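In what follows, a single structure is set out as structure tokens and then discussed.
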Amino acid sequence: MTREELQEIAENELEAREELDHLIFVCNAASCQSSQGLQLIESLKSGIEEKELGDTVEVKGAGCMGLCAAGPLVLIEPDGILYTQVKPEDAGEILNHLESEAVERLKTDLEMPFFGKQVKIVLENSGKIDPEKIEDYIAMEGYTALNRVITEMSPGEVIDVISDSGLRGRGGAGYPTGLKWSTVGIAEDVQKYVVCNADEGDPGAFMDRSVLESDPHRVLEGMAIAGYAVGADKGYIYVRAEYPLAIERLREAIKRARRLNLLGNNIFGSQFSFNLEIRLGAGAFVCGEETALLASIEGRQGRPRPRPPYPAEYGLWGHPTLINNVETFANVAPIIRNGAEWFASIGTENSKGTKVFAMAGSINNTGLIEVPMGITLRDIIYDLGGGLPEDLKFKAVQTGGPSGGCVPEEHLDMPVDYESLKEVGTMMGSGGMIVVDASSDMVSDVAKYFVEFCKSESCGKCVPCRVGTAQMYDLLDKISKDEATQRDLDLLVDLCDVVRNTSLCGLGQAAPQPVLSTLEYFKEDYDAHLQKATDKLTHAVQREE
């Protein structure tokens, strides 16, 4: 494969599209497949065949278009018409209206804030290409960034671009990506590895799954660029087995990229080789922690180990290993194509670029969004999210998954970036965002739920996490059942401090956060349960008297 051959594939694909009168994209990501998306594609194809439109109209399965709760979604190009909640029986009506007015009852306004306020970098191809067709990705400048770094740039120059862009890890902690790359790059070892952490386990989070289902080549290209930059010729994608569609598309993407010599040996005729393999996780949340993930890839039980040494120095089988998550790798190719300054111009001073969020809970527009860093929570929830359904009153938004916390209404106008979220007691996390309405009890619906999750997912290696989260859950259960006293609540607070400061890895260290966050902002919910317990005891004493 040469640059000219890459361009030829892109030009052929674009010319084929231009010859069509209409290109119909139907979302066939997991959420829309569960709403008869595949049957819809078949109905449209059958209709095209019956109407003998095959020379002018084509149907493509595409990735996630964002409005997951309104699926299946259909995008008509070049008209730019988006249909929602389309059923297989609507296929004939859609085809009949291709040359006339759109089907109004299915049409959605693309000018609505949900679409208008998004800035798409990671998701720029989602919904616009067939994720199972490498030619579609190449037509969108796919693999041009990889070609450029291999043929025009030194590994050091690539790391400098990533550093200058200000990209920070999108897996949760926000560690500077360029610094991590440079640490692995300067490590002296003949064998290095690149690992993609696709072990997305936060409740309510599906960002990484959607990226893998919608645009898998983007992640492969980012990993190959990282391999070139740090001197690695081998990579692994660690993805949980509960994502069968993502795994299927990754396997297909790797196979097709190898066939075109975009992965494998001597890529673009250079001395650079990069091979990729997929490793399936068994669905243990703790395997999202870097050292536990590496242990799992090595075939051992997925349990964390003390750090240092960090994986950048001592990773897979003892060799320097670069680990980034799906969204981080998905940002790499656009940064190389457009430059560090372009990326750094988006977002805030310390949080550059965009962030993909999965919106869930009490919100109208449940789905996937990508917004610039610095946008306010109010804009996300009320403009993009469309507010709460049935005029329910907002109570909090939970960010960061089990490691995060709740943000009350008084902080809705804060900018969404790494530092601001940390200041109010939560974190960016991988991008899960759950809206909670006023009818929710923050003790049983939030704190108890997340602590139970951490208790169940604890690997049991260290006592503070194994025993501490179980005791925290028992105390929360007692409080939620109106059986606790102030002494129980005081004990819970002390226990949170112990678990947070003595646990081995991030799971235990962050497990108390939902409790501490709800105690800080919603103490009245805890007090109400304690008061009910006091009332129950008082009534019992009075009955005995």
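Does residue 188 satisfy the condition of being modelled with pLDDT under 95, outside any helix (DSSP H, G or I) and either under 15 Å from residue 264 (Cα atoms) or over 10 Å from the mean Cα position of the chain (by Cα) (or both)? So residue 188 fits the description; yes.
Among residues of segment 508-521 that are open to solvent by 10 Å² or more (accessible area, probe 1.4 Å), those with a Cβ under 9 angstrom from a residue that is assigned to a helix (DSSP H, G or I) and of a type in the set (Ser, Thr, Tyr), sequence gap 6+ or separate chain, pair up as 509/403; 509/502; 510/403; 513/403; 519/526. Looking only at segment 164-196, which residues are touching a helix residue (DSSP H, G or I) at 6+ places or on another chain (Cβ under 6 Å) and free of Cβ contacts under 8 Å to residues at least 24 places away in the same chain? Result: 178, 182.
Counting only residues that are exposed (fewer than 15 other Cβ atoms within 10 Å of the Cβ), give me the strands (runs of 3 or more DSSP E) lying completely in segment 220-328 with at least 1 of them. Here the list reads 275-281. Which of the residues that make up segment 124-136 are part of a loop (DSSP other than H, G, I, E, B), open to solvent by 10 Å² or more (accessible area, probe 1.4 Å) and over 15 Å from residue 75 (Cα atoms)? Selection gives 132, 133. Scanning segment 377-389 for residues that are closer than 28 Å to residue 167 by Cβ and open to solvent by less than 30 Å² (accessible area, probe 1.4 Å) yields 377, 380, 381, 384, 385. With the condition kept exactly as written, say whether any residue in segment 78-92 is more than 30 Å from the chain's Cα centre (by Cα), farther than 26 Å from residue 371 by Cα and of a type in the set (D, E, K, R). Scanning segment 78-92 turns up at least one residue that is more than 30 Å from the chain's Cα centre (by Cα), farther than 26 Å from residue 371 by Cα and of a type in the set (D, E, K, R). Screening segment 390-407 for residues that are at pLDDT below 95 and surrounded by fewer than 20 Cβ atoms within 10 Å (Cβ to Cβ) and picking the one that is nearest to residue 509 (Cα to Cα) gives 392. Filtering 156, 116, 92 for residues that are surrounded by fewer than 16 Cβ atoms within 10 Å (Cβ to Cβ) and touching a Gly at 6+ places or on another chain (Cβ under 7 Å) leaves a single hit, 92. Pairing each residue of segment 23-46 that is among the charged types (D, E, K, R) with any residue that is crowded, with 19+ Cβ neighbours inside 10 Å, provided the two are 6+ apart or on different chains, yields C-beta distances under 8 Å for 45/59. The selection criterion, being touching a strand residue (DSSP E or B) at 6+ places or on another chain (Cβ under 8 Å), surrounded by fewer than 24 Cβ atoms within 10 Å (Cβ to Cβ) and not in a loop (DSSP other than H, G, I, E, B), does not hold for residue 410. Output yes when any residue across segment 434-452 is open to solvent by less than 40 Å² (accessible area, probe 1.4 Å), in contact with a Leu (Cβ under 7 Å, 6 or more places away or on another chain), modelled with pLDDT under 95 and not basic (Lys, Arg), and no when none is. The answer is no; no qualifying residue exists. Exactly one residue out of 498, 493, 541 is over 30 Å from residue 287 (Cα atoms), more than 28 Å from the chain's Cα centre (by Cα) and assigned to a helix (DSSP H, G or I): that is 541. Based on this model, can you work out whether residue 150 counts as open to solvent by 10 Å² or more (accessible area, probe 1.4 Å), assigned to a helix (DSSP H, G or I) and under 24 Å from residue 4 (Cβ atoms)? Yes: the conditions hold for residue 150. Among all residues of segment 484-499, there is at least one that is within 22 Å of residue 307 (Cα to Cα) and open to solvent by 30 Å² or more (accessible area, probe 1.4 Å).
Here's the yes/no breakdown for (1) β-branched (Val, Ile, Thr); (2) open to solvent by 40 Å² or more (accessible area, probe 1.4 Å):
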site: 337; (1), (2): no, yes
site: 340; (1), (2): no, no
site: 345; (1), (2): no, yes
site: 350; (1), (2): no, yes
site: 356; (1), (2): yes, no
site: 361; (1), (2): no, yes
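With respect to the conditions (1) surrounded by fewer than 24 Cβ atoms within 10 Å (Cβ to Cβ); (2) touching a strand residue (DSSP E or B) at 6+ places or on another chain (Cβ under 6 Å); (3) at pLDDT 95 or above, residue 164 lacks only one, and its number is (2).
If we keep just the residues of segment 22-76 that are among the hydroxyl-bearing types (Ser, Thr, Tyr) and in a helix (DSSP H, G or I), which is most open to solvent (accessible area, probe 1.4 Å)? The qualifying residue most open to solvent (accessible area, probe 1.4 Å) is 46. Checking each residue in segment 178-198 for being open to solvent by 10 Å² or more (accessible area, probe 1.4 Å) and not hydroxyl-bearing (Ser, Thr, Tyr) picks out 179, 180, 185, 186, 187, 188, 189, 190, 191, 192, 197. Scanning segment 329-340 for residues that are over 17 Å from the mean Cα position of the chain (by Cα) and assigned to a helix (DSSP H, G or I) turns up 333, 334, 335, 336, 337, 338, 340. Keeping to segment 194-217, report how many residues are within 28 Å of residue 403 (Cα to Cα) and in a helix (DSSP H, G or I). Adding up the residues that qualify gives 9. Residue by residue through segment 148-186, note down the ones that are of a type in the set (Ser, Thr, Tyr), touching a Lys or Arg at 6+ places or on another chain (Cβ under 9 Å) and more than 15 Å from residue 223 (Cβ to Cβ). Passing the criteria: 151, 165, 175.
The values are calculated or read from the model by the stated rules, or taken from the named source; none is laboratory data. Predicted model, so just to flag it, every value in this text is computed and none were measured. Positions of Cβ are backbone-derived with ideal geometry, glycine not excepted, and every protein chain shown enters the neighbour counts. With ligands, DNA and RNA removed, areas are computed over all heavy atoms of the protein, side chains included. Shrake-Rupley method; radii C 1.70, N 1.55, O 1.52, S 1.80 Å.
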